C-alpha cells in the first residue's frame, strides 16, 4: 500500500515520520516508485523463477454529478489514488493526476528515472474496502483538516480540496450499510474496480491482496462467535469477483483481511477484521463462524455451503 504510507506519513503526518507537506509526499512517492523498480530487478536477479508483483490500496471512484468537471476530477482521483504507483511500473511514467503540468521538480525527478521505475510486473495486487464519490474542487479552498478513512484523508465539507495539485473533493458515501469502522459496504465496487483495471492494463493477472470488514462480534455463552454480517459481506464480495471472472478478468486469488484480529495501524486494537477472534488479554484464539464458513467455501470452491 505505497500510497497509504507515503501520503499518511509525509503528506499529512498521520503516520510516522509525521511529516505534513504535499511536496514531501511527492518526493517520498517518487522514491518508492524508484525502489519498486529496483526491488523487482533484484528479486528477479536472485531467482529467475520468482513471480513478482506489487499490491496497491485502491477504491473505485464514481463522479458525483454528470458534469464534465466532475468526470475530470474523478479521473484525477483514479490516477492519483489507484494508479500513481501502478502506472509508473507498467509504463514508466506518472498518470495524469494533476491540474496542469506534472510537478517533476518537486518530486526530485531526474533524467533516466523513467527507466528505473518501469518494470514488467507479473501480477497486480490491490486492497479493496469501499468506494469514493468524487467532485471537482477547482476554485475551492484548501482543507487543512480531514476525516481519516482507510486509505486516505478527505477534505471536510463544501468544495474543499485535499491538496493544491489534484483539486478534487472526495466523499465517503453512506448509501449502503456501514461496517463498525464506518465504511460503506458496496460489493459492486470490487467488480467495477477489477474490470476497470483489466481494461486499462490489458487484462493482467490480479490478486485481491486485502479485503474485509470490521465488526466487533465476540464469543457468546457457548464460546462461538456468530458473526453473520461478516459472512454476508464476504459472500457478496466473492459473488462480484465471480462475476468479474466470468466477464473476462484474470483474478487468481482473494485474501480475506484478516486471519486473526490484529493491530490495525493507528486504530490499534479497537477494530476487528479477523476470521479468528483474539482475546487481547490472554491471546486466546477462537475461530469465528465466518472463519468456519470461509474454510468450507475454500474447500468446496463454491459459495452455497
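The values are calculated or read from the model by the stated rules, or taken from the named source; none is laboratory data. Quick caveat, the model's predicted, so the values are computed rather than measured. No Cβ is skipped: glycine too gets one built from the backbone with ideal geometry, and neighbour counts run over all protein chains shown.
Give region 1-31 a look and list any residue that's touching a strand residue (DSSP E or B) at 6+ places or on another chain (Cβ under 9 Å) and assigned to a helix (DSSP H, G or I), or say none.
2, 3, 4, 7, 8, 11, listed by residue number.
Just to be sure I understand, how many residues within region 201-211 are surrounded by fewer than 23 Cβ atoms within 10 Å (Cβ to Cβ) and touching a residue at least 60 places away in the same chain (Cβ under 8 Å)?
7
Just checking, which of 244, 249, 239, 253 is surrounded by fewer than 16 Cβ atoms within 10 Å (Cβ to Cβ) and either within 30 Å of residue 284 (Cβ to Cβ) or in contact with a strand residue (DSSP E or B) (Cβ under 8 Å, 6 or more places away or on another chain) (or both)?
Going through 244, 249, 239, 253 in turn, the sole match is 253.
Out of region 190-199, which residues are surrounded by fewer than 19 Cβ atoms within 10 Å (Cβ to Cβ), in contact (Cβ under 8 Å) with a residue 24 or more places away in the chain and out of contact with any helix residue (DSSP H, G or I) (no Cβ under 7 Å at 6 or more places or on another chain)?
The answer is 192, 196.
Yes or no: region 38-59 includes at least one residue that is over 22 Å from residue 253 (Cβ atoms), touching a residue at least 40 places away in the same chain (Cβ under 8 Å), in contact with a helix residue (DSSP H, G or I) (Cβ under 6 Å, 6 or more places away or on another chain) and surrounded by 19 or more Cβ atoms within 10 Å (Cβ to Cβ).
No; the residues of region 38-59 include none that is over 22 Å from residue 253 (Cβ atoms), touching a residue at least 40 places away in the same chain (Cβ under 8 Å), in contact with a helix residue (DSSP H, G or I) (Cβ under 6 Å, 6 or more places away or on another chain) and surrounded by 19 or more Cβ atoms within 10 Å (Cβ to Cβ).
Going through region 187-232 one residue at a time, which ones are within 30 Å of residue 279 (Cα to Cα) and within 17 Å of the chain's Cα centre (by Cα)? Walk me through how you get there before you give the answer.
First, the residues of region 187-232 that are within 30 Å of residue 279 (Cα to Cα): 187, 208-232.
Answer for region 187-232, where residues must be within 30 Å of residue 279 (Cα to Cα) and within 17 Å of the chain's Cα centre (by Cα): 187, 208, 209, 210, 211, 212, 213, 214.
Yes or no: region 158-178 includes at least one residue that is out of contact with any helix residue (DSSP H, G or I) (no Cβ under 7 Å at 6 or more places or on another chain), part of a helix (DSSP H, G or I) and at pLDDT 90 or above.
No, region 158-178 contains no residue that is out of contact with any helix residue (DSSP H, G or I) (no Cβ under 7 Å at 6 or more places or on another chain), part of a helix (DSSP H, G or I) and at pLDDT 90 or above.
Quick test of your reading of the structure: residue 215 fulfils all but one of (1) touching a residue at least 60 places away in the same chain (Cβ under 8 Å); (2) closer than 23 Å to residue 4 by Cα. Name the failing condition by number.
Condition not satisfied by residue 215: (1).
Given the options 302, 296, 285, 281, name the one that is farther than 25 Å from residue 178 by Cα and assigned to a helix (DSSP H, G or I). Show your work before the answer.
Values: 302 fails: assigned to a helix (DSSP H, G or I); 285 fails: assigned to a helix (DSSP H, G or I); 281 fails: assigned to a helix (DSSP H, G or I).
Step by step, each of 302, 296, 285, 281 is checked, and only 296 is farther than 25 Å from residue 178 by Cα and assigned to a helix (DSSP H, G or I).
For region 62-99, enumerate the residues that are touching a strand residue (DSSP E or B) at 6+ places or on another chain (Cβ under 8 Å) and either assigned to a loop (DSSP other than H, G, I, E, B) or over 18 Å from residue 134 (Cβ atoms) (or both).
Listed by number, the residues that qualify are 64, 65, 67, 85, 86, 89.
Name, by its number, the condition in (1) out of contact with any helix residue (DSSP H, G or I) (no Cβ under 7 Å at 6 or more places or on another chain); (2) not in a helix (DSSP H, G or I) that does not hold for residue 235.
All conditions are met except number (2).
If you check every pair at least six apart or on different chains, which have Cβ atoms under 7 Å apart with a residue in region 162-189 that is on the phi > 0 side of the Ramachandran plot and free of Cβ contacts under 8 Å to residues at least 12 places away in the same chain first and a residue that is exposed (fewer than 15 other Cβ atoms within 10 Å of the Cβ) and outside any helix (DSSP H, G or I) second?
If the second residue must be exposed (fewer than 15 other Cβ atoms within 10 Å of the Cβ) and outside any helix (DSSP H, G or I), no pairs are left.
Listed residues 59, 50, 39; which is within 23 Å of residue 167 (Cα to Cα) and either at pLDDT 95 or above or assigned to a loop (DSSP other than H, G, I, E, B) (or both)?
59
So which residues in region 84-110 are without any contact (Cβ under 8 Å) to a residue 60 or more places away in the chain and buried (at least 18 other Cβ atoms within 10 Å of the Cβ)? Spell out the reasoning first.
The initial filter retains those residues of region 84-110 that are without any contact (Cβ under 8 Å) to a residue 60 or more places away in the chain, namely 87-89, 91-96, 101-102, 104-105, 110.
Answer for region 84-110, where residues must be without any contact (Cβ under 8 Å) to a residue 60 or more places away in the chain and buried (at least 18 other Cβ atoms within 10 Å of the Cβ): 87, 88, 89, 94, 95.
What number goes with the only condition from (1) at pLDDT below 95; (2) outside any loop (DSSP other than H, G, I, E, B) that residue 139 does not pass?
Result: residue 139 passes all but (2).
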